[in-house]
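The values are calculated or read from the model by the stated rules, or taken from the named source; none is laboratory data. The shown structure was predicted, so the numbers you read here are calculated from the model rather than taken from an experiment. Every residue, glycine as well, gets a Cβ built from its backbone with ideal geometry; the counts of neighbours run over all protein chains shown. We work out accessible area using only protein heavy atoms, side chains counted, and drop any ligands, DNA or RNA first. Shrake-Rupley method; radii C 1.70, N 1.55, O 1.52, S 1.80 Å.
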Amino acid sequence: MQGKTQGKELKRGLEERHVTLMSLGAAIGVGLFLGSASAIKLAGPGILLAYGFSGMIMFFIMRALGEMAIQKPVAGSFSKYARDYLGPLAGYLTGWNYWFLWVVTCMAEITAVGIYMGYWYPDVPNWIWALSALVIMTTVNFLAVKAYGELEFWFALIKILAIVLMIAVGLLMIVFGIGNGGVATGIKNLWDNGGLLPNGFKGILLSLQMVMFAYLGIEMIGVTAGEVKNPEKSLARAIDSVFWRILIFYVGALFVIMSIYPWQEIGSQGSPFVLTFEKIGIPAAAGIINFVVLTAALSSCNSGIFSTGRMLFNLAEHGEAPKGYGQLTKGGVPGKAVLASAGALLVGVALNYIVPAKVFTWVTSIATFGAIWTWGIILLSQIKYRKTLKKGEEAKLKYKMPLFPLTSYVSLAFLALVVVLMAYNPDTRIAVVIGPLWFIGLIIAYYAKGFHKRSKGSAGTEQKLVK
């Protein structure tokens, strides 16, 4: 039987605090520390509206995922739900797409590592740091899942404390003028430089790709479903708390930064976080924040390698990836799947060598396209899942999508809008070319390898997967 490869299952070694901090860690990465500067250039202070509205859409998507994950906590999560409610091809595409999007996201993270290390070692090429980060994070992923969760917990905690500290320090500067010679900066910078929407509504629309990239990783909660203790309690609390925390961190941090500095200056002189701490007169501020953003990139890459390994494991269980990827180490880690993902990440190292200037924009837009597919599939699976429920069953759901079905369809429409905007913007258009080409390649492989014939016969077996 495919369900328990090698007679082993993934171990439920993750506590609620691990799951909460892991999804926070995955979502608070270079999207905030590096990507926010390019989003601010497009939208100005209006970026706060973009993060706020996009955050609300992400909340609905996470509630849709939670509704299914709490009823049916399995490894592979949304690829399994896609398989059950939208058909085997959808499950296959979603599994491989999620693997691909996290490989590409990790390329963005290891690219960021190269950029941050350049602060201390400007003469060392970026690709060397990218390769070093890849080797270290792959090694970490061979730890038993509880040890991995513990490490990721502390990784995430470092960057969360840094953001909270920056917000607190920024507010002291805004209200009391601490670090600004006793002169309170106030918040007039939010509208003094061309108004709240200096580039109009168009600027907000064009910023949505980077804004949505920043939220990428929040769905990690679903991937941990097969390895979390007490899924009903842990997943529900993690989903609700993660959304609010991310919204506070993103909107709060950017509100403070744009109140202190005119929006046009942000990003032109390095990380806005570094600038804020330097202004208070902490001499080592730049070094400290550089270390924090470095751990943020490593943490997000760590989560990415975790996700890709689990998704390959799930695909191997269905016979849609090489059998070896379904093997677990003694510590319950899908070792070969982790190594395969790390091998694919070498492409990111090569890109850092060949096109260091363009690699960040390219990989973030391609990753966003992949994320939009995943989020869209979560919503479509949940809509279909509701249709499978009998009259009394809907009322018994332990964790419900609010205002269903309106919220599901509004969220789908918003995701479609972001794809259209990516096609419109020349800088992100590459994603709307590479994304569909990747799916065409996957569909050709699906039919060429005869997966479509086998999946019809194994529909009954699929209900017996990892419990």
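Of the residues making up segment 312-319, at least one is in contact (Cβ under 8 Å) with a residue 40 or more places away in the chain and either part of a loop (DSSP other than H, G, I, E, B) or in contact with a Cys (Cβ under 8 Å, 6 or more places away or on another chain) (or both).
Taking the criterion of being among the aromatic types (F, W, Y) and either touching a strand residue (DSSP E or B) at 6+ places or on another chain (Cβ under 8 Å) or open to solvent by 10 Å² or more (accessible area, probe 1.4 Å) (or both), the residues of segment 85-97 that qualify are Y85, W96.
For segment 362-413, residues that are touching a residue at least 40 places away in the same chain (Cβ under 8 Å), part of a helix (DSSP H, G or I) and open to solvent by 60 Å² or more (accessible area, probe 1.4 Å) total 6.
Evaluate the following for I110: is it farther than 16 Å from A296 by Cα, surrounded by 16 or more Cβ atoms within 10 Å (Cβ to Cβ) and not polar (S, T, N, Q)? Spell out the reasoning first.
On the way: farther than 16 Å from A296 by Cα: no; surrounded by 16 or more Cβ atoms within 10 Å (Cβ to Cβ): yes; not polar (S, T, N, Q): yes.
Criteria not met by I110.
With respect to the conditions (1) open to solvent by 60 Å² or more (accessible area, probe 1.4 Å); (2) part of a helix (DSSP H, G or I), D427 falls short on a single one, namely (2).
Taking segment 322-356 as the range and being touching a residue at least 40 places away in the same chain (Cβ under 8 Å), open to solvent by 10 Å² or more (accessible area, probe 1.4 Å) and over 21 Å from S300 (Cβ atoms) as the test, the residues that pass are K323, Q327, L328, T329, G331, Y353.
Residues are listed down the side, and each one gets a yes or a no for (1) in a helix (DSSP H, G or I); (2) under 13 Å from I305 (Cβ atoms); (3) of a type in the set (A, V, I, L, M); (4) out of contact with any Asp or Glu (no Cβ under 7 Å at 6 or more places or on another chain):
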| site | (1), (2), (3), (4) |
| --- | --- |
| F100 | yes, no, no, yes |
| V103 | yes, yes, yes, yes |
| I115 | yes, no, yes, yes |
| Y119 | yes, no, no, yes |
| V124 | no, no, yes, yes |
| I128 | yes, no, yes, yes |
| V135 | yes, yes, yes, yes |
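Of all the listed residues (G52, G66, G95, G91), the sole one being in contact with a Phe, Trp or Tyr (Cβ under 7 Å, 6 or more places away or on another chain), in a helix (DSSP H, G or I) and not aliphatic (A, V, I, L, M) is G66. Whether any residue in segment 162-175 is among the aliphatic types (A, V, I, L, M) and within 30 Å of A445 (Cα to Cα) is what I want to check. Looking for residues that are among the aliphatic types (A, V, I, L, M) and within 30 Å of A445 (Cα to Cα), one finds none in segment 162-175, hence no. Note on segment 54-84: residues that are open to solvent by 10 Å² or more (accessible area, probe 1.4 Å) and at pLDDT 90 or above total 1. Pairing residues of segment 120-138 that are touching a residue at least 24 places away in the same chain (Cβ under 8 Å) and within 20 Å of G343 (Cα to Cα) with residues that are open to solvent by 60 Å² or more (accessible area, probe 1.4 Å) and in a loop (DSSP other than H, G, I, E, B), at Cβ distances under 7 Å and at least 6 apart in sequence or on separate chains, gives N126/P356. Only residues that are at pLDDT below 75 and open to solvent by 10 Å² or more (accessible area, probe 1.4 Å) were counted in segment 285-304, giving 0. Of all residues in segment 173-195, which are more than 17 Å from L48 (Cα to Cα) and open to solvent by 70 Å² or more (accessible area, probe 1.4 Å)? Answer for segment 173-195, where residues must be more than 17 Å from L48 (Cα to Cα) and open to solvent by 70 Å² or more (accessible area, probe 1.4 Å): V175, F176, I178, G181, V183.
Only one of these is at pLDDT 65 or above, of a type in the set (S, T, N, Q), open to solvent by less than 10 Å² (accessible area, probe 1.4 Å) and part of a helix (DSSP H, G or I): S23, S36. Name it. Unique residue meeting the criteria: S36.
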